[in-house]
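To keep things clear, I will list the structure first and then write my remarks on it.
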């Protein structure tokens, strides 16, 4: 049956503290391409199959991605990822 949710979270926290301490890694992502996805994922607002208000734009230019990555690094992010529709 497993542990109750609160006990599970407490156990996970004890394990994390044992192996990596109180350190928290900050991560950031940027949506590098938005909308017009050909996939038919019913949950996704970027699918071309559904009428949504999601902003649509092509793949960002390399300079824009680098600028955003530098801003996130200045804000303390240690990891930076790109996500795209499609």
Q. Hey, what angle do you get for helix 62-74 against the long axis of the chain, alpha-carbon based, 0 to 90 degrees rounded to 10?
A. 30
Q: For residue 31 and residue 9, compute 0.36 nm times the residue count separating them, minus their Cα-Cα distance, and round to one decimal in nm.
A: 4.9 nm
Q) Which label marks the calculated value of log10 I(q)/I(0) by the Debye sum over Cα atoms at q = 0.11, 0.17 Å⁻¹, given the options (1) -0.37, -0.85; (2) -0.35, -0.76; (3) -0.55, -0.84? A) (3)
Q) What value, in deg cm²/dmol to 500, does the helix sum -39500 (n - 2.57) over DSSP H runs of n ≥ 4 give at 222 nm once divided by the residues of the chain? A) -11000 deg cm²/dmol
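If I take R0 = 35 Å and measure r between the Cβ atoms of residue 22 and residue 67 in this structure, what FRET efficiency does the formula 1/(1 + (r/R0)^6) give, to the nearest 0.05?
Values: r = 32 Å, r/R0 = 0.90.
So, using R0 = 35 Å, E works out to roughly 0.65.
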Q. Between residue 38 and residue 77, what is the FRET efficiency for a Förster distance of 30 Å, r being their Cβ-Cβ separation, to the nearest 0.05?
A. 0.45
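Read the figures in this text as sums done on the coordinates, not as results from a lab. This is a predicted model, so every value here is computed, not measured. Here the Cβ is made from the backbone with ideal geometry for all residues, glycine too, and neighbour counts use every protein chain on show.
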